[in-house]
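Right, one structure below, let's go through it.
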Amino acid sequence: MKIGIGLIKHESNSFNPELTEIDDFKILRGAEIFNNEVLMKNSSMGGMVDFFARKNEEVELVPLVSAIPKYLGGLISLEAYREIKEIFFDKLRSSQNLDAICMDFHGSMTVEDGIDGEGDLLEGIREIIGPGNPVVCSLDLHGMVTKKMIKHGDGFVGYRTAPHVDKFETGNKAANLLYDALKNNYQLKTASVFLPLLVSGEMSETEKEPMKSLIKELENAENGSVLSASYFLGFPWVDVEFNHGAALVVGRKKEAAVQTALKLGERFWQEHKNFDFTTETHSMDQALKKARVSEKKPVYICDCGDNPGAGGSQNMTYTLHTMLKMELERALLGVIADKKACSYCFKKKHGSRVNLKLGRFNVEDPTPLEIEGTLKLTVTWKGVQAAVIELDGVEVVITSERTAMVDPDFFKELGIVLQDYDIVVLKGGYLAPKFQTYAAQVLFGLAPGYTNQIFEELNYKNLSRPIYPLDQNFEFNAQDYLFFS
């Protein structure tokens, strides 16, 4: 068996007007992929490689291209997408006699003009390798499954955890799905019931209900004829016609896949009104007030409205403005991304006073926040410049670019001892697993940004309607939303 393997990912936020360009991607070609230790450990592609390596006498694995953004943001520009496509398809065409393709996708990669990135790529892959060679993909739980994807791909396997701690295992499963179909010479059959709803990650942590029970339904659905069952929740911050959730089943027989997809779709819809924030949630003002008087310290607050992990700009200063206005003590905000302000700090001595114009107040108001404080430290961490500013009881970390708040080591490099703070505000969605041991209490704070959690406040124009929660109490029949290959 000669199998090509690749990774092209982006989670595209159409409400963020800053397009994602080619320089925002890190692109690896061929053997460079296998030599990237971080990628091999922390991705579905790593799980795929791990599985196929154990079949090395039967499988010749051909690394194609890996394209990962440095950080998530607005839609991919047409120019950037065309360049990535050209790089990928040139490599694919030069890889002769491939029997199959295994791809690590997200599922919510959207290009300027509303192009379905994964569907478009799968259409091109199919044209090159032909109709009889299977293509199997891993996808994020928060991906969108489209008709074009199902038409041109053979099988899809989704994460079952949020936060996503099963990427490697998902890659293993996708690779096994592909390998078994090739080895035993059968065609995979995929059926999906599209779910007309918007669900954010902050409402769908899988260790909490209703997702905990729904994931159990997937496990119970898999048997001899049903090889894989997944739920996908869509991505609420992209305004495209094909944005929706899905119950998706891959099997040996079309009938089994269709019937199971229908069952899972109906089961999910029984719970659709039970989705709510999985963590205690308030407006940012109220969350900060609650944290200040809480007997449980430290309190960690997730600034969900300006989440770079979902395409937020991470430069909204509304939260910092509120923290300063409240005259908080022993409080930390991480981070505000402002390249110009960060560069200015790097020219100053530690301990000096600095005057900065920082970020923008909110989505509608681009006015920067003027602050004066003491520069405590500047550090470059994994290529990102970061500066710590003390502002009379509140410390803020400023970075040169968007930085996902997933690793406490980032703060350690800045000389920050997280245990010294009573209130820690992180710009992100649900609290990352590595931070959870530090928090005595966790709150979600709703604040302005391109990842606004109140969907009714977003200016959707292109979604297929009806869709929950924008529309209420409409009739759902799984058969009407069924699509299969």
Kindly evaluate L61 against the criterion of being farther than 18 Å from G171 by Cβ and not in a helix (DSSP H, G or I). no
Those residues of region 145-191 that are under 23 Å from M211 (Cβ atoms) and among the basic types (K, R) come to a total of 3
What's the total number of residues in region 179-193 that are farther than 19 Å from A256 by Cβ and surrounded by 21 or more Cβ atoms within 10 Å (Cβ to Cβ)? 1
Looking at this structure, is D99 among the charged types (D, E, K, R) and over 24 Å from the mean Cα position of the chain (by Cα)? yes
List the pairs whose first member sits in region 282-306 and is assigned by TED's automatic domain parsing to the domain that holds W237, whose second member is of a type in the set (D, E) and assigned to a helix (DSSP H, G or I), and whose Cβ atoms are under 7 Å apart, counting only residues at least 6 apart or on separate chains? none
Identify, from the list D420, D392, D471, D409, the residue that is closer than 30 Å to K151 by Cβ and either surrounded by fewer than 16 Cβ atoms within 10 Å (Cβ to Cβ) or free of Cβ contacts under 8 Å to residues at least 60 places away in the same chain (or both). D471
Restricting the search to region 368-383, which residues are touching a residue at least 12 places away in the same chain (Cβ under 8 Å), of a type outside the set (D, E) and over 18 Å from I416 (Cα atoms)? P368, L369, I371
Filter result (surrounded by fewer than 18 Cβ atoms within 10 Å (Cβ to Cβ) and either in contact (Cβ under 8 Å) with a residue 40 or more places away in the chain or of a type in the set (F, W, Y) (or both)) within region 96-119: N97, D99, E112, G114
Just to be sure, is V363 in contact (Cβ under 8 Å) with a residue 12 or more places away in the chain, closer than 21 Å to Q286 by Cα and in the same structural domain as K340 (by TED's automatic domain parsing)? yes
Among the candidates T378, T367, T374, residue that is of a type in the set (S, T, Y), in contact with a helix residue (DSSP H, G or I) (Cβ under 6 Å, 6 or more places away or on another chain) and at pLDDT 95 or above: T378
If I filter region 259-269 for residues that are surrounded by fewer than 19 Cβ atoms within 10 Å (Cβ to Cβ), out of contact with any helix residue (DSSP H, G or I) (no Cβ under 9 Å at 6 or more places or on another chain) and within 30 Å of Y186 (Cα to Cα), do I get at least one hit? yes
May I ask you to list the residues in region 240-252 that are under 21 Å from the mean Cα position of the chain (by Cα) and crowded, with 18+ Cβ neighbours inside 10 Å? V240, F242, N243, H244, G245, A246, A247, L248
Scan (1) modelled with pLDDT of 95 or more; (2) within 30 Å of S138 (Cβ to Cβ); (3) in a helix (DSSP H, G or I) for the single condition K289 breaks and write down its number. (2)
Those residues of region 288-309 which are out of contact with any Phe, Trp or Tyr (no Cβ under 7 Å at 6 or more places or on another chain) and farther than 30 Å from K70 by Cα, in sequence order: L288, K289, K290, A291, R292, V293, S294, E295, K296, K297
When region 446-473 is checked residue by residue, the ones that are closer than 24 Å to A337 by Cα and either among the β-branched types (V, I, T) or out of contact with any His (no Cβ under 9 Å at 6 or more places or on another chain) (or both) are A447, P448, G449, Y450, T451, N452, Q453, I454, L458
Mind checking whether some residue in region 405-428 is under 17 Å from I301 (Cβ atoms), hydroxyl-bearing (S, T, Y) and modelled with pLDDT under 95? no
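Does region 235-252 contain any residue that is touching a residue at least 12 places away in the same chain (Cβ under 8 Å), assigned to a helix (DSSP H, G or I), farther than 20 Å from S464 by Cβ and out of contact with any helix residue (DSSP H, G or I) (no Cβ under 8 Å at 6 or more places or on another chain)? Reasoning before the result, please.
First, pick out the residues of region 235-252 that are touching a residue at least 12 places away in the same chain (Cβ under 8 Å): 235-252.
Still in the list and also assigned to a helix (DSSP H, G or I): none.
So far as region 235-252 goes, no, none of its residues is touching a residue at least 12 places away in the same chain (Cβ under 8 Å), assigned to a helix (DSSP H, G or I), farther than 20 Å from S464 by Cβ and out of contact with any helix residue (DSSP H, G or I) (no Cβ under 8 Å at 6 or more places or on another chain).
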Exactly one condition in (1) assigned by TED's automatic domain parsing to the domain that holds V136; (2) part of a helix (DSSP H, G or I); (3) out of contact with any strand residue (DSSP E or B) (no Cβ under 6 Å at 6 or more places or on another chain) is false for V258; which is it? (3)
Note down all Cβ pairs under 9 Å where the first residue falls in region 317-328 and is in the same structural domain as G305 (by TED's automatic domain parsing), the second is among the aromatic types (F, W, Y) and surrounded by fewer than 20 Cβ atoms within 10 Å (Cβ to Cβ), and they're at least six residues apart or on different chains. T317/F361; Y318/F361; H321/F361
Examine region 399-419 for a residue that is of a type in the set (G, A, S) and within 22 Å of W237 (Cβ to Cβ), and state whether such a residue exists. yes
Lone unmet requirement of (1) in contact with a Pro (Cβ under 9 Å, 6 or more places away or on another chain); (2) crowded, with 19+ Cβ neighbours inside 10 Å for V136: (1)
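The values are calculated or read from the model by the stated rules, or taken from the named source; none is laboratory data. The model shown is predicted, which means the values in this text are computed figures rather than measured ones. Cβ coordinates were reconstructed from backbone atoms using ideal geometry, including for glycine residues, and neighbour counts include every protein chain displayed.
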